[in-house]
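Have a look at the structure below before the remarks.
Where a number appears in this text, it was derived from the coordinates with a stated rule and is not lab data. Computed from a predicted model, the values in this text were never measured in an experiment. Quick reminder, even Gly has a Cβ in these numbers, built from the backbone with ideal geometry, and neighbours come from all protein chains shown.
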Amino acid sequence: MIKKLLGVITAAALAASTPALAQQKAPEPAAPAVKKVSIPTGVFYRGQQVDQFSAKERLIGAKVVNKAGELIGDIEDIIMASGANKIDGVIIGVGGVLGVGEKKIGVQYKALTFATKDGKRTVTLDTTKDVLAAVQPYKYAEPPRTALERAAEATKEAARKASDATKSAVEKAKEAVKGKSEAPKQ
């Protein structure tokens, strides 16, 4: 009910202020002030260093094969060591078909071998499918949020921002209407 009322008020305020706003000459935009900022050292990167890689480019989604070259799964997440700021391991989705029936296992990062052959990067884990079948699934301390939960949170945040923007627009429209009604008539 409140949303509908807010929508009606917004529409009415905008409709009432449109002629007034159309008659006013838009003010010249002021040149943005350039503020001198001191950037702290040792915090930001300007670009990738030789000994660095992007998890998105090299890890997440990478296909993992065994020593025989058989596809065993793909890397779905990384495990960070708390307090150490380093990658401890990865979560690999194994088994299943198109994600259905897939099991997620945790693998220590040092157990993976990265190589580039014929311009293709490969990630190898020295194991067999029998071992993977016997490994217990990785247990998260907090269950990962589903795509639906993340989408719901994003929707709530977008609705909050839209509501804030609408309130601001209503206030500006009220001020414009008030300013127009208080202007001397000629």
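Some values worked out for this structure:
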quantity	calculated
Whether the range 48-101 is rounded, prolate or oblate, judged on the alpha carbon gyration tensor where a/c under 1.5 counts as rounded	prolate
Mean Cβ count within 10 Å, highest first, over the residues of peptides 164-174, 69-79	69-79, 164-174
Debye log10 I(q)/I(0) at q = 0.09, 0.23 Å⁻¹ for the range 23-136, Cα point scatterers	-0.41, -1.39
When each of Lys35/Lys167; Lys63/Lys129; Lys156/Lys178; Lys67/Lys139; Lys86/Lys117 is checked by Cα-Cα distance, pairs over 21 Å	Lys35/Lys167; Lys156/Lys178; Lys67/Lys139; Lys86/Lys117
With 10 Å bins from 0: P(r) over the range 81-186, alpha-carbon pairs, percent	10, 22, 21, 14, 10, 9, 8, 5, 1, 0
Lys120 versus Asp164: modelled label distance in nm, points set 7 Å from Cα along the beta carbon direction	4.8
Under 5 Å, built H, 5+ apart or other chain: amide partners of Val64	Ile72, Gly73, Asp74, Ile75
In Hz, Karplus ³J(HN,Hα) per residue of the range 171-180 (6.51, -1.76, 1.60; θ = phi - 60°; x = Gly, Pro)	4, 5, 5, 4, 5, 5, 5, 5, x, 5
